[in-house]
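Okay, structure first, notes after.
The values are calculated or read from the model by the stated rules, or taken from the named source; none is laboratory data. Keep in mind it's a predicted model, so treat the numbers as computed, not measured. Cβ placement follows ideal geometry from the backbone for every residue including glycine, while neighbour counts extend to all protein chains displayed.
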Amino acid sequence: MITHYAGLQLQTVSLPSVRHFYHEQMRFPIAYETDNRIAFQPTPHVTLTFVEAYEPVTPVHIAFEVPMSRFAEAAAELRKTQAVIQKWPDGKEIDVFETGENIYFRDCDGNLLELIAHRYLKEDVLAPTGPFHILYLREVGFPVDSVPAFREWLRQLLGMKLDKVSDEFTFVIGGTAHAVVVSKRRKWIPVSMLALPPKMEVTLGVSSYAFLAEVKSLLHMQDNCSFSETGTGLRLNKDGYTLHLTAQTAFDPELPALLNLPFS
Ligand SMILES: [Fe+2]
């Protein structure tokens, strides 16, 4: 099974700007830094990497899960940074929805970030990290031409679960990882941001090498996805997105169920 997002790599036109935003403002520890890339460690289980590229930046949407009991504190902490909080059309910053609360903000590159908390989540399972009490990277947005085609590909190949299914939007869920699969024609809330497909590489943790072998045998029967084997897993290319699958993580595959996530 897919267990979690282990990594996300994005492009940037300014490494010092992302260093300032993510390290000095968000206080994410730096995992490593070279001449053309910088990697942050928002939690021990995920790496957020920015690579310098001579190309326009297309903004991504990502969300970090925080415990419900620490959400107000995390939102207050966010207001102390230079992050631009993205208000709803009626002026509110925090949305209270059926199962939780969230707040959206932009980074120095215009990426649309979110802190989100859910009431159903068990809080004594995973230690929160840093001043924003981040538990894990929950969401990565995937704007696509066909939501049904992309979600079915993820469901059949990787055994992911589906929620809030429509032709324009679907959550495709594996462990704590939620792929927000949206139509390119649907704009991101709450600021009607056009859903351009970002240039990104997404690393998904998997539960075992046996699971990787199953995925590989399914890939041999497909002709709509190119893939290659890497030192630690598989690299897939689909609809302009690169997905890495890796079994080399310290993330306990039992954690999503222990967290009481509905699809685990
Ligand atoms: Fe979101």
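A few comments on the model shown:
- Val172 within 15 Å of the ligand (Cβ to nearest atom) and either in contact with a Lys or Arg (Cβ under 6 Å, 6 or more places away or on another chain) or over 24 Å from Leu236 (Cα atoms) (or both): yes
- Within the range 94-121, restricting attention to residues that are part of a loop (DSSP other than H, G, I, E, B) and within 15 Å of the ligand (Cβ to nearest atom), the residue that is nearest to Pro56 (Cα to Cα) is Asn111.
- If you go through the range 49-75 and keep only what is of a type outside the set (Val, Ile, Thr) and within 16 Å of the ligand (Cβ to nearest atom), you end up with Pro59, His61, Ala63, Phe64, Glu65, Phe71, Ala74, Ala75.
- Evaluation of Phe171 against (1) surrounded by fewer than 21 Cβ atoms within 10 Å (Cβ to Cβ); (2) under 21 Å from Tyr104 (Cα atoms); (3) touching a Ser or Thr at 6+ places or on another chain (Cβ under 6 Å) (one fails), failing number: (3)
- Residue that is surrounded by the fewest Cβ atoms within 10 Å (Cβ to Cβ) [pool: residues in the range 67-92 that are over 14 Å from Gly130 (Cβ atoms) and touching a Pro at 6+ places or on another chain (Cβ under 9 Å)]: Pro89
- Qualifying residues in the range 153-169 (those that are without any contact (Cβ under 8 Å) to a residue 24 or more places away in the chain and more than 14 Å from the ligand (Cβ to nearest atom)) - the one nearest to Ile2 (Cα to Cα): Arg155
- Single residue of Val182, Val191, Val215, Val202 found to be in a loop (DSSP other than H, G, I, E, B) and touching a residue at least 40 places away in the same chain (Cβ under 8 Å): Val191
- Flag if Gly233 is free of Cβ contacts under 8 Å to residues at least 60 places away in the same chain, over 12 Å from Leu158 (Cα atoms) and surrounded by 19 or more Cβ atoms within 10 Å (Cβ to Cβ): yes
- Subset of the range 1-28 (residues that are free of Cβ contacts under 8 Å to residues at least 60 places away in the same chain and of a type outside the set (S, T, N, Q)): Leu15, Pro16, Arg19, His23, Glu24
- Any hit, the range 130-137, residues being within 12 Å of the ligand (Cβ to nearest atom), at pLDDT 95 or above and surrounded by 18 or more Cβ atoms within 10 Å (Cβ to Cβ): yes
- Taking the listed residues Phe150, Phe142, the one that is aromatic (Phe, Trp, Tyr), on the phi < 0 side of the Ramachandran plot, away from the ligand (no atom under 14 Å from the Cβ) and touching a residue at least 40 places away in the same chain (Cβ under 8 Å) is Phe150, with no other qualifying.
- Given (1) outside any helix (DSSP H, G or I); (2) surrounded by 14 or more Cβ atoms within 10 Å (Cβ to Cβ), number of the condition Ser166 does not satisfy: (2)
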